[in-house]
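Q: Below are the structure tokens for one structure; questions will follow.
The values are calculated or read from the model by the stated rules, or taken from the named source; none is laboratory data. Quick caveat: nothing in here was measured; it's all calculated off a predicted structure. Here Cβ is always computed from backbone atoms with ideal geometry, including for glycine, and neighbour counts include all displayed protein chains. Ligands, DNA and RNA are excluded from the accessible area calculation, which covers all protein heavy atoms including side chains. Shrake-Rupley method; radii C 1.70, N 1.55, O 1.52, S 1.80 Å.
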Amino acid sequence: MAGAPEWLTHDYLEHALRSYYKDEQLKIVQLQINPALGPGENYGGVLTRARIQFTLSKSPAEEQLQNLIVKTAIDDDEFSQELQAPYDIFNREMNIYENVLPKLNDLLQEMGDTEPLFPTAIYVDRERTAIIFEDLSVAGYVMADRVRLLNVEHTHLILRKLAKMHATSAVLNERQSGCLESYDRGFFNRYTNGYSGYFVGGLLAAARWMSQVPKLADYGQKLFELAPHYMDIGRKCFTPTPGHVNVLAHGDVWTNNVMFKYDPSTGRPLDVLLIDFQYSFWGSPCIDLHHLFNTSLKEPLRRDQQSGLFQFYHNIFTDTLQRLHYSQNPIPSLHDFKLQTEQKRFFAMHSTVVVQPVMISTDPTDACFNALMNDDERGIRFKNRLYHNPKVQDNLKAMVPFFDRKGLLDVDQCC
């Protein structure tokens, strides 16, 4: 993973803090910069941690401490830049942090809800495609273990926040004449097949492994046949469904894109904040749920208990819509919502077969953005190794027959 960008200097951070504190006399006394994540932990950007001691003009003898996370684009090679350009992920995330999330907070406050859903950006730099946040770890927020996965307590916390985000975004879009419908560049979109190296390449790697397992060989053959149609099916899945309550979906909800606060005496999770809105898009809320459930939940919670989780989410989602007087489309009954989740279940299959193997990998060999996205020899080796993971193999043995019975391995499926 790339190191901290060269422009992330003493002077740059001093300027950012002066802007945030509105104090042109602010001075940085001491600065420490370190990577926030290691190889394989995040492929959507470079995260850098900055620990800053500084003084303010009103109390120049008293040193203050500010811990920041600086999020910047992956810009270490032309391949990364060219591939990511059509997704416009950093402009989108900067727009969402500046122009959308504060309005969702306002809607929650309108109904007397002051619970925070996400962190606040303290500085946005469009020239360098950078966002600076207060380091949530100082307030006790940490990432859960992406390999150990999440239990029901963690999942309920995420679903509560996600339901509120989804519902307020639907209301905002209704009140402001479709203001969110231009966010149409999720993982599958009509502008680019840029991620086919990852998505189709991962599907083919899964098929190669299955073809060597006698009980899975027939499923592997189906995946080989599905591969040429895969990106088109994904685009259909991501297309908003007329007449349904569409929302600004987070787009990439998984363990590393949320941060939890824990009770120090019991170790139980108390709160969660949603982070990372690079792939947010206008579409079905069910896509976020399928992604979360099939990348980040412990077993048997993922395999056997999703129905109750959908109901938990639905209760909060519909309650928030009703309290904010949403009326653009019918608010779905639980029965109707369950039908909608089935219509988007392709993304559950995708998240299980292609995405989760990357997210729970513990092998750092070639764990970089280029290997993930490319279909060259190095990229193929990297993806093949993902399916050597016994946990991945167990998940596919359990889940792929289920997806096949749903028709999700068939070429002629309709999302």
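Q: From the set of residues in segment 318-335 that are assigned to a loop (DSSP other than H, G, I, E, B) and under 13 Å from Leu172 (Cα atoms), which is least open to solvent (accessible area, probe 1.4 Å)?
A: Leu324
Q: For Ala205, state whether it is over 30 Å from Ser327 (Cα atoms), among the aliphatic types (A, V, I, L, M) and open to solvent by 10 Å² or more (accessible area, probe 1.4 Å).
A: no
Q: What are the pairs, 6+ residues apart or on separate chains, where a residue within segment 325-345 that is over 9 Å from His244 (Cβ atoms) has its Cβ under 9 Å from a residue that is of a type in the set (Ser, Thr, Tyr) and outside any loop (DSSP other than H, G, I, E, B)?
A: Listed by first residue and then by second, the contacts come to Tyr326/Thr320; Ile331/Thr318; Ser333/Thr318; Leu334/Thr318; Phe337/Tyr313; Phe337/Thr318; Lys338/Ser307.
Q: Here's a follow-up. May I ask you to list pairs of residues, at least six apart or on different chains, whose Cβ atoms are under 6 Å apart, with the first in segment 217-231 being among the small types (Gly, Ala, Ser) and the second being surrounded by 14 or more Cβ atoms within 10 Å (Cβ to Cβ) and outside any helix (DSSP H, G or I)?
A: Close Cβ pairs satisfying both conditions: Ala217/Ser211; Gly220/Ser211.
Q: Name every residue in segment 147-179 that is within 18 Å of Asp252 (Cα to Cα) and surrounded by fewer than 21 Cβ atoms within 10 Å (Cβ to Cβ), in order of residue number.
A: Val147, His156, Leu157, Arg160
Q: Related question: Determine whether Val272 is part of a strand (DSSP E or B), buried (at least 21 other Cβ atoms within 10 Å of the Cβ) and in contact (Cβ under 8 Å) with a residue 40 or more places away in the chain.
A: yes
Q: Another one. Show me the helices (runs of 4 or more DSSP H) found entirely inside segment 343-415 where at least 1 residues are over 24 Å from the mean Cα position of the chain (by Cα).
A: In segment 343-415, the matching helices (runs of 4 or more DSSP H) lie at 377-386, 390-405.
Q: I'm checking my understanding of the structure. Among residues of segment 92-111 that are assigned to a helix (DSSP H, G or I) and among the hydrophobic types (A, V, I, L, M, F, W, C), which one is nearest to Leu273 (Cα to Cα)?
A: Leu101
Q: Enumerate the pairs (first residue in segment 144-161 and of a type in the set (Val, Ile, Thr); second residue anywhere and open to solvent by 60 Å² or more (accessible area, probe 1.4 Å) and part of a loop (DSSP other than H, G, I, E, B)) with beta-carbon separation below 8 Å, excluding pairs fewer than 6 apart on the same chain, so at least 6 apart or on different chains.
A: Val147/Thr362; Val152/Gln305
Q: Could you pull out the residue among Phe312, Phe281 that is open to solvent by 10 Å² or more (accessible area, probe 1.4 Å) and not hydroxyl-bearing (Ser, Thr, Tyr)?
A: Unique residue meeting the criteria: Phe312.
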